[in-house]
1. So which GluC sites (Glu not before Pro) in the range 26-129 are both in a DSSP loop and have at most 14 other Cβ atoms within 10 Å of their Cβ?
2. What are the ³J(HN,Hα) values, in whole Hz, obtained from phi via the Karplus relation 6.51 cos²θ - 1.76 cosθ + 1.60 with θ = phi - 60°, for each residue of the range 118-129 in sequence order, with x given for Gly and Pro?
3. Of the accessible area of the range 44-94, with the probe set at 1.4 angstrom, what percent is carbon plus sulfur?
4. Leaving ligands, DNA and RNA out of it, report the carbon-plus-sulfur percent of the accessible area of the range 104-145 at a 1.4 Å probe.
5. Hey, what's the Kirkwood Rh for the range 49-145 if you take every pair of different alpha carbons, in angstrom?
6. So what is the accessible area of the range 101-145 per residue, in Å², with the probe set to 1.4 Å?
7. Going by amide H atoms built from the backbone, whose H comes under 5 Å of the H on V106, apart from near neighbours?
8. Leaving ligands, DNA and RNA out of it, rank I53, I124 by accessible area with a 1.4 Å probe, largest first.
Amino acid sequence: MKTVRWFALVVMGNLAASTALSATASATPPENADVAVISQSTVDGVDYITRQITIQPGGSTGWHYHQGRVFGVVREGTLTRTMSDCSVIASPPGSAVTEESGPDHVHIGRNVGPDPLVLWIDYIQPAGAPLAVDVPDPGCSLPNG
């Protein structure tokens, strides 16, 4: 069994978050976010992808869900996630982040603080699946949402 490990940042190719965070036309596009791939491999039909996501103050991921499991850590800043029921989860630096898969787990990640938000995120999902599926705001009426 292969183990996915956190690697030192080797590849730092910033991609526009509007293409990196979504696979289709965006219902609620990401704003002020940059993405860098840290590592990526496919083993037995499963993609293991680690990315650094940086969201500037006032930026967001856009509303979305994941087809696979997501695990990560908040490296800098505070991640403010709003879930589809409009509940809010704030995760300060050092916090572990996990997200369930599927359309029942819609959310948006935002940076409402004054400093950049930096996340290291692991995606474990079916090979070739998009990392996020964009959806409309479920009715929470948030700024940047």
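The values are calculated or read from the model by the stated rules, or taken from the named source; none is laboratory data. Treat the numbers as computed from the prediction; the structure is a model and nothing was measured. Ideal geometry is used to build each Cβ from the backbone, glycine not excepted, and the neighbour counts take in all protein chains shown. Please note that ligands, DNA and RNA were not included when accessible areas were found on the heavy atoms of the full protein model with its side chains. Shrake-Rupley method; radii C 1.70, N 1.55, O 1.52, S 1.80 Å.
1. Sparse-neighbourhood loop GluC sites (Glu not before Pro): E100.
2. These are the phi-based 3J(HN,Hα) values: 10, 10, 10, 10, 9, 10, 10, 7, x, 3, x, 5 Hz.
3. 51
4. In the range 104-145, the share of accessible area belonging to carbon and sulfur is 59 percent.
5. Mean inverse Cα-Cα distance, inverted, gives 13.4 Å.
6. Accessible surface, normalised per residue, equals 43 Å².
7. The list, which skips near neighbours in sequence, is S84.
8. I124, I53
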